[in-house]
Amino acid sequence: MQLGTRWTSGEQPPAAVPTLLHAQIAAVDAATLSDEPDQPRPRWTLTFLEGRPIAELDTGVIVEAGSDGTVVVRHDDEDDLG
């Protein structure tokens, strides 16, 4: 069993976050921080689904590793598109 964790956008991801996700998380953080300079920073939540890491930002942005090892960035609204 793997446990998740939480951290604030713009901070270094905790050790539990696979390095595979770091570059895309940093890219999302950079875009998010410039979008809302006077607002509190959103937080990331790391979970695992079928052993694959999924990092979700409070804003709905998701960074996840696919079964083939590729990293995908999407928004949770995309789940509703058919």
Which pairs turn up if I take residues in region 46-72 that are more than 11 Å from VAL17 (Cα to Cα) and modelled with pLDDT of 95 or more and look for partners that are assigned to a strand (DSSP E or B) and hydroxyl-bearing (Ser, Thr, Tyr) with beta carbon separation below 6 Å, at least 6 apart in sequence or on another chain? GLU56/THR45
Close pairs (7 angstrom Cβ cut-off, 6 or more residues apart or separate chains): within 20 Å of VAL72 (Cβ to Cβ) in region 6-23, part of a helix (DSSP H, G or I) and among the β-branched types (Val, Ile, Thr) anywhere: SER9/THR32; PRO13/ILE25
Taking the conditions exactly as written (surrounded by 10 or more Cβ atoms within 10 Å (Cβ to Cβ) and assigned to a strand (DSSP E or B)), does ILE25 satisfy them or not? no
Looking only at residues that are over 24 Å from GLN39 (Cβ atoms) and of a type outside the set (Gly, Ala, Ser) in region 1-22, which one is surrounded by the fewest Cβ atoms within 10 Å (Cβ to Cβ)? MET1
Scanning region 52-67 for residues that are under 19 Å from GLN12 (Cα atoms) and not hydroxyl-bearing (Ser, Thr, Tyr) gives PRO53, ILE54, ALA55, GLU56, LEU57, ASP58, VAL61, ILE62, VAL63, GLU64, ALA65
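The values are calculated or read from the model by the stated rules, or taken from the named source; none is laboratory data. Here the structure is a predicted model, which means the values were calculated and not measured. Positions of Cβ are backbone-derived with ideal geometry, glycine not excepted, and every protein chain shown enters the neighbour counts.
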